[in-house]
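The structure appears right after this line, and notes come after that.
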Amino acid sequence: MAAMGHTMAGDEILKSSFANFAFEHFEIAAYKSLLILSEVGGHESATSVLLANLKEEEAMAQWLDENLAAVTTRFASLKEEGRTAKV
Ligand SMILES: [Fe+2]
């Protein structure tokens with residue numbers, strides 16, 4: 001939803017990157033909470049799937065973190081050249 005709202009912004013790529021970063025961390029928190037609930041509720045059968053999903057979300061959050069500088073630098077370079085990051 002946030003990405004759709006950013007389509008008209010000149011810095012869409014940055015705003016979408018921020019939203020993706022935030023959403024991955026939302027998902028990480030959600031899976032951590034679900035892990036607690038599965039333990040408290042005696043649903044340990046869900047633990048391995050929840051842990052697998054948590055690792056995927058953490059990996060994506062890390063990737064976004066590692067690539068934000070490059071995205072920002074590329075955006076700034078294009079902007080300086082009078083170009084946009086849009087396709
Ligand atoms: Fe995700």
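Read the figures in this text as sums done on the coordinates, not as results from a lab. What you see is a predicted model; the values in this text were computed from it and never measured. Don't worry about glycine lacking a Cβ; one is built from the backbone with ideal geometry, like all the others, and counts go over all protein chains shown.
Couple of notes before you dig in:
- Among residues of the stretch 54-83 that are under 14 Å from ILE28 (Cα atoms), those with a Cβ under 8 angstrom from a residue that is away from the ligand (no atom under 11 Å from the Cβ) and not aliphatic (A, V, I, L, M), sequence gap 6+ or separate chain, pair up as LEU54/LYS32; LEU64/SER17.
- Count of residues meeting criterion [in a helix (DSSP H, G or I), small (Gly, Ala, Ser) and either more than 11 Å from the ligand (Cβ to nearest atom) or farther than 22 Å from LEU64 by Cβ (or both)] in the stretch 23-49: 6
- Residues in the stretch 38-75 that are within 20 Å of ILE13 (Cα to Cα) and among the acidic types (Asp, Glu): ASP65, GLU66.
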